[in-house]
Structures are given as C-alpha cells and as structure tokens.
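Encoded as structure tokens, the structure appears first; notes follow it.
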Amino acid sequence: MNLGIAGRRAAVAAASSGLGLAVARALAEEGVAVAMCSRTRERIEQAARDVGHDAIPIVADVAHADGARGFVRDARDALGGVDILVTNAGGPPPGDFSSVALDQYEPAFELNCLSTIAMCTEAVPGMRQRGWGRVVAITSIAVRQPIANLILSNTARAGVTGFLKTLAREVASEGVTVNSLQPGFHATDRVTSLHDDPSRLADGVPAGEIGRPEDLAAVAAFLCSESARYVTGAAIPVDGGAYAGLL
C-alpha cells in the first residue's frame with residue numbers, strides 16, 4: 001500500500017530501540033525523511049545507521065520539557081520542517097499508591113505528559129501554517145485499563161490522552177490529525193525489565209503472543225498516511241486483543 005507520504009519529514013522521539021526505533025524504520029521505508037533522538041549519542045547514531053535512508057540522529061533527553069522542545073527544534077533545523085511528529089518516552093519507575101511518594105508524580109508527569117505537550121508546542125504551529133500534519137503519540141493500554149504497580153505511568157498517560165483529544169479537535173479543520181497508540185505488551189526492553197517472567201505475558205493475550213515493535217509501527221505509519229486523513233482524536237489499542245472493554 002502506498003501511504004502517500006514519501007518526501008514528508010518526521011521527528012521520532014526516543015527512537016534508539018523498541019517502539020520508537022520500529023516507527024522510525026517504518027516511516028523511513030515509506031520515503032519519509034526521519035530525524036530520531038535518544039539521550040545517548042552512541043546508541044542513536046547506531047540506530048540511525050540501522051534505519052538507513054539517511055536518518056538523522058539527534059541527542060536529546062525528552063524526559064524534560066526543555067529537552068523535548070529542543071529535539072523538535074533540532075529536527076526542524078535538520079529536515080527543513082516537521083510534517084510528522086511521533087512522541088514517545090520511557091516509563092517512570094514502578095510502584096503503587098502506598099510505595100510511591102508524592103514528589104515522584106511531578107517527574108513522571110513531565111516524562112509522560114508534559115514532554116508530549118512540549119513537542120506539540122514546537123511542531124504543531126508549523127503544521128497548521130502548511131495545512132498538513134500528523135501527530136502520533138505512543139502512550140499505553142494503561143489509559144484504558146490501569147496496569148497494576150504502574151500508578152505513575154497510569155496517571156501521566158491518562159493526562160496526556162486528554163490533551164491529545166483536545167488538540168485534535170482544535171486543529172482538525174487545518175489538515176492536522178492527532179492520534180495516540182496504546183501498546184499492550186510488546187517485545188521491548190521496558191516490558192522485559194518490568195516482569196520476572198516475560199514468557200508468561202502472552203497468557204492473557206487473545207492473539208496468543210506478545211506484540212513485535214513492528215506491529216505497532218505499521219499502525220503508526222498508516223496514521224501518518226494520506227489515507228488516514230479522516231482519522232483524528234482516536235486512541236487506538238495495539239495489544240493483540242488483551243483489552244477486554246467494549247469502549
């Protein structure tokens with residue numbers, strides 16, 4: 001399927017591994033010029049080489065609003081503009097209500113909510129001026145169904161989903177779409193690190209296996225396409241059917 005986005009320019013955050021790397025690769029394979037970031041120069045340069053297609057590595061820490069905005073500015077300078085923004089970040093530490101201190105919520109909110117807002121603040125005005133843009137945020141299935149022992153992530157990602165839905169409605173008439181993807185269990189370092197026996201994760205997945213990063217990346221690439229021009233404000237689970245709710 002021709003997604004119709006060859007020649008577009010994308011900034012993909014937290015893309016040295018896992019879901020971010022897979023999305024960067026999927027977009028590059030569609031002919032999109034990609035700038036991708038990580039906190040570590042060696043890792044992001046290697047990831048850019050793996051992606052190929054002249055992907056541009058940028059060192060940035062999107063865990064903080066200033067770093068997140070700086071990444072988009074650097075991507076815009078390197079690419080000549082940003083038509084596609086894929087927001088992504090690692091997750092905060094695990095914990096429940098009893099074990100998490102009040103002062104841990106602020107950095108978690110900055111990591112998984114404010115960083116996305118900051119990236120949108122830098123990227124969306126240019127999209128509106130050009131009359132075309134795509135924002136795809138990688139959040140979590142926890143927005144629909146809170147995950148035990150991840151109260152920080154559950155809280156922050158729910159907040160950013162409210163922001164994204166509001167933004168989508170404000171810019172829809174200007175050719176800019178805003179959507180989020182809600183991954184369940186995928187084969188990433190983050191998922192592995194949170195579970196003593198990752199091989200058991202597939203037990204609760206109707207598809208019978210945990211996802212590959214490429215599974216989510218394919219959906220992200222479609223949301224960036226011309227064919228998805230009428231899809232906006234959506235929060236889409238990519239979880240092999242694990243979420244059991246009707247809505």
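The values are calculated or read from the model by the stated rules, or taken from the named source; none is laboratory data. This structure is a prediction, so every number in the text was calculated from the model and none was measured. Using ideal geometry, Cβ is built from the backbone for each residue, glycine included, and neighbour counts are taken over all protein chains shown.
Restricting the first member to segment 152-177 and to residues that are touching a residue at least 40 places away in the same chain (Cβ under 8 Å) and closer than 17 Å to A234 by Cβ, and the second to residues that are assigned to a helix (DSSP H, G or I) and aliphatic (A, V, I, L, M), the beta-carbon pairs closer than 6 Å and six or more apart or on different chains are R157/A142; R157/V143; T161/V143; F163/I117; V176/M127.
Residues checked against (1) free of Cβ contacts under 8 Å to residues at least 12 places away in the same chain; (2) among the hydrophobic types (A, V, I, L, M, F, W, C):
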position: G20; (1), (2): no, no
position: E29; (1), (2): no, no
position: R39; (1), (2): no, no
position: E42; (1), (2): yes, no
position: A60; (1), (2): no, yes
position: V72; (1), (2): no, yes
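Do we have any residue at all in segment 169-177 that's touching a helix residue (DSSP H, G or I) at 6+ places or on another chain (Cβ under 6 Å) and in a strand (DSSP E or B)? Checked against the condition, which is being touching a helix residue (DSSP H, G or I) at 6+ places or on another chain (Cβ under 6 Å) and in a strand (DSSP E or B), segment 169-177 yields at least one hit.
Residue check: is T188 at pLDDT 95 or above and under 27 Å from P93 (Cα atoms)? In short, no. The residues of segment 195-247 that are among the polar types (S, T, N, Q) and either assigned to a helix (DSSP H, G or I) or free of Cβ contacts under 8 Å to residues at least 60 places away in the same chain (or both) amount to a single one, S199. Looking at this structure, is V160 out of contact with any Pro (no Cβ under 8 Å at 6 or more places or on another chain), among the aliphatic types (A, V, I, L, M) and not in a helix (DSSP H, G or I)? So V160 does not fit the description; no.
Pick from A123, A118, A108, A137: which is touching a helix residue (DSSP H, G or I) at 6+ places or on another chain (Cβ under 8 Å), part of a strand (DSSP E or B) and of a type in the set (A, V, I, L, M)? Checking each option against the conditions leaves just A137.
Each row is one residue, and each column tells you yes or no for (1) under 25 Å from S38 (Cα atoms); (2) surrounded by fewer than 17 Cβ atoms within 10 Å (Cβ to Cβ); (3) basic (K, R).
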| position | (1), (2), (3) |
| --- | --- |
| R76 | yes, no, yes |
| G91 | yes, no, no |
| S98 | no, yes, no |
| E106 | yes, yes, no |
| E122 | yes, no, no |
| V135 | yes, no, no |
| T139 | yes, no, no |
| V143 | yes, no, no |
| P146 | no, yes, no |
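Those helices (runs of 4 or more DSSP H) of segment 1-102 in which 3 or more residues are within 20 Å of P183 (Cα to Cα) occupy 18-29.
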